[in-house]
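Colleague: Next up is a structure, given as structure tokens.
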Amino acid sequence: MKINGIIMLIAVSIGSTHAWAANYKLDESHTQVGFKIKHLVISTVSGQFNKFSGKFDFDPKKGEIKDLNVEIEAASIDTNEPDRDKHLKSPDFLDVEKFSKLTFVSKKTITKENKPTKIDGELTIHGVKKLVTLEVVYIGSTIDPWGNERIAFEASTQVNRKDYGLKWNKSLDKGGVMIADDVKIIIEGEALLQKAESDEKKETK
């Protein structure tokens, strides 16, 4: 009897680890993946990527995030200046013909008061993979008018573009360089709870 009890306990534990959270998908129409970088020392240029996708598992009770995977299309970069965007897509920078995607894959979530505060993961840009930490602000959850559950969040990190092989620059006559090394990445987003297959079948009956 004791052996059977232990086996049952293990089975329940294994089952609970697989059912710990629900799956969410980034809502691209309500999410912005942007960046900021200093230009000519004194000003800031902002931009964004218009095409991306992402999904993750989230446990709202514990604030834990697992299996966050984001893919960004490099060629969708947009700084509201076509000539600059063309340069950013070239081999001087992102080289989008050779490296078509930027990716982020989570490794660990740090929580505080049952909310995610940091996400450690691997960011790949220009074919180079580096560990980074996203600073996360979990804003909350709500139900939209169509009955869909959504969560909102903000996340940011700062990277050195030269670490990813993006080294192009020009010196200025008065000192300094045309483009700073540090780039701030900012994500403001919504994610949509994905319904389980069994729930979808119930709705169609």
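The values are calculated or read from the model by the stated rules, or taken from the named source; none is laboratory data. Since we're looking at a predicted model, the values are computed, not measured. Counting neighbours? That spans all protein chains shown, and the Cβs are built from the backbone with ideal geometry, glycine included.
Colleague: How do the pairs read when you match residues in the range 150-167 that are farther than 21 Å from Lys98 by Cβ with residues anywhere that are at pLDDT below 95 and not in a strand (DSSP E or B), using Cβ under 9 Å and keeping only pairs 6 or more apart or on different chains?
Modeller: Hits for this filter: Arg150/Asp144; Ile151/Pro60.
Colleague: Can you tell me how many residues in the range 171-185 are surrounded by 16 or more Cβ atoms within 10 Å (Cβ to Cβ) and more than 14 Å from His39 (Cβ to Cβ)?
Modeller: Result for the range 171-185: 1.
Colleague: While we're on this one: Could you please find all residues in the range 153-170 being closer than 17 Å to Lys36 by Cβ and within 17 Å of the chain's Cα centre (by Cα)?
Modeller: Matches in the range 153-170: Glu154, Ala155, Ser156, Thr157, Gln158, Val159.
Colleague: Among the strands (runs of 3 or more DSSP E) lying completely within the range 13-116, list those that include at least 1 residues that are of a type in the set (Ser, Thr, Tyr), at pLDDT 95 or above and surrounded by 15 or more Cβ atoms within 10 Å (Cβ to Cβ).
Modeller: By residue number, 22-26, 101-112.
Colleague: Determine, yes or no, whether Lys107 is touching an Asp or Glu at 6+ places or on another chain (Cβ under 8 Å) and over 18 Å from Gly189 (Cβ atoms).
Modeller: Against the criterion (touching an Asp or Glu at 6+ places or on another chain (Cβ under 8 Å) and over 18 Å from Gly189 (Cβ atoms)), Lys107 qualifies.
Colleague: Sticking with this structure for a sec: Of the residues Lys51, Lys62, which is charged (D, E, K, R) and touching a residue at least 40 places away in the same chain (Cβ under 8 Å)?
Modeller: Lys62
Colleague: Here is a follow-up. Of everything in the range 117-132, what is closer than 29 Å to Ile151 by Cβ, buried (at least 17 other Cβ atoms within 10 Å of the Cβ) and of a type outside the set (A, V, I, L, M)? Give them in sequence order.
Modeller: If the condition is that a residue be closer than 29 Å to Ile151 by Cβ, buried (at least 17 other Cβ atoms within 10 Å of the Cβ) and of a type outside the set (A, V, I, L, M), then Gly121, Thr124 are the ones that fit.
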